[in-house]
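Quick one: structure below, then a few questions.
The values are calculated or read from the model by the stated rules, or taken from the named source; none is laboratory data. It should be emphasised that the depicted structure is a prediction, and the values quoted were computed from it without experimental measurement. Using ideal geometry, Cβ is built from the backbone for each residue, glycine included, and neighbour counts are taken over all protein chains shown.
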Amino acid sequence: MAKISTSDFRNGLAIRLDGEIYTIVEFQHVKPGKGGAFVRTKLKGVENDKNIDKTFRSGENVESVRIERHPYQFLYSDGDMYFFMHQETYEQIPIEKSRVEKAQFVTDGITCTLVVDVENEKILYAQPPDHIETEIIQTDPGVRGDTAQGGSKPATVAGGATVQVPLFINQGERIKIDTRTGEYLERVKS
């Protein structure tokens, strides 16, 4: 439980505030004409996903939290548990579905990032990669004359997510998706 000063703030730093872990998204040192200096921050909750604005007095101490990110391969899900395996040690770790971000994009064999609170040895959450390649499980068939500029239709991909794809995409094809936005990026050439 290391204490750090507001002068040590940087983007991406994890701190504990009111018992919750937050990362600093943005900060700004402000020195008004009257009164003491202060630091205005935008924080994002690591576990609770809340976004808050918080102002700290300049020189105020807060508790820093050491978090690490490790790549783990997704193996399978069983009910509300998702099982991941470390790539080098083959250690398997179960994680509750509620701690898996964007679980609809997590499919067999995909390498996810597990975020760990090092001091408490607690897994905070699992996160899929920003871009994944997946197969179209169900969509309406394409019609002759459909073009890339012609609009979009819903398609269900492996994992259960529904994304909007161009009209020319057919069932069984592989596509690339941005998991942060859920948007179709491109067709994957075999």
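Please verify whether VAL65 is of a type outside the set (Ser, Thr, Tyr), in contact with a Lys or Arg (Cβ under 9 Å, 6 or more places away or on another chain) and more than 18 Å from LEU114 (Cα to Cα), treating the condition exactly as stated.
no
Out of everything in the range 1-30 that is part of a loop (DSSP other than H, G, I, E, B) and crowded, with 17+ Cβ neighbours inside 10 Å, what residue ends up being farthest from the chain's Cα centre (by Cα)?
PHE9
Still on this structure, I have one more. Any idea which of (1) touching a residue at least 12 places away in the same chain (Cβ under 8 Å); (2) in contact with a Lys or Arg (Cβ under 8 Å, 6 or more places away or on another chain) is the one VAL30 doesn't satisfy?
(1)
May I ask you to list pairs of residues, at least six apart or on different chains, whose Cβ atoms are under 8 Å apart, with the first in the range 167-178 being more than 22 Å from VAL106 (Cβ to Cβ) and the second being polar (S, T, N, Q) and surrounded by 19 or more Cβ atoms within 10 Å (Cβ to Cβ)?
ASN170/THR139
Out of everything in the range 36-49 that is in a loop (DSSP other than H, G, I, E, B) and modelled with pLDDT of 85 or more, what residue ends up being farthest from LEU13 (Cα to Cα)?
Among residues in the range 36-49 that are in a loop (DSSP other than H, G, I, E, B) and modelled with pLDDT of 85 or more, the one farthest from LEU13 (Cα to Cα) is GLY36.
Would you pick out the residues in the range 51-85 that are acidic (Asp, Glu), within 25 Å of ILE15 (Cβ to Cβ) and outside any strand (DSSP E or B)?
GLU60
In the range 86-102, which residues are in a strand (DSSP E or B) and closer than 11 Å to LEU114 by Cβ?
If the condition is that a residue be in a strand (DSSP E or B) and closer than 11 Å to LEU114 by Cβ, then HIS86, ILE93, ILE95, VAL100 are the ones that fit.
Exactly one condition in (1) in a strand (DSSP E or B); (2) farther than 21 Å from SER98 by Cβ is false for GLY33; which is it?
(1)
To keep it simple, each residue is scored yes or no on (1) aromatic (Phe, Trp, Tyr); (2) in contact (Cβ under 8 Å) with a residue 40 or more places away in the chain; (3) assigned by TED's automatic domain parsing to the domain that holds GLY12.
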| position | (1), (2), (3) |
| --- | --- |
| TYR82 | yes, yes, no |
| THR89 | no, no, no |
| GLN104 | no, yes, no |
| PRO141 | no, no, no |
| GLY160 | no, yes, no |
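Follow-up question, since we're still on this one. Can you tell me which residue is farthest from HIS86 (Cα to Cα) among those in the range 42-70 that are among the polar types (S, T, N, Q) and exposed (fewer than 14 other Cβ atoms within 10 Å of the Cβ)?
THR55
Counting just the residues of the range 163-190 that are loosely packed, with under 14 Cβ neighbours inside 10 Å and of a type in the set (Ser, Thr, Tyr), which one comes out modelled with the lowest pLDDT?
SER190
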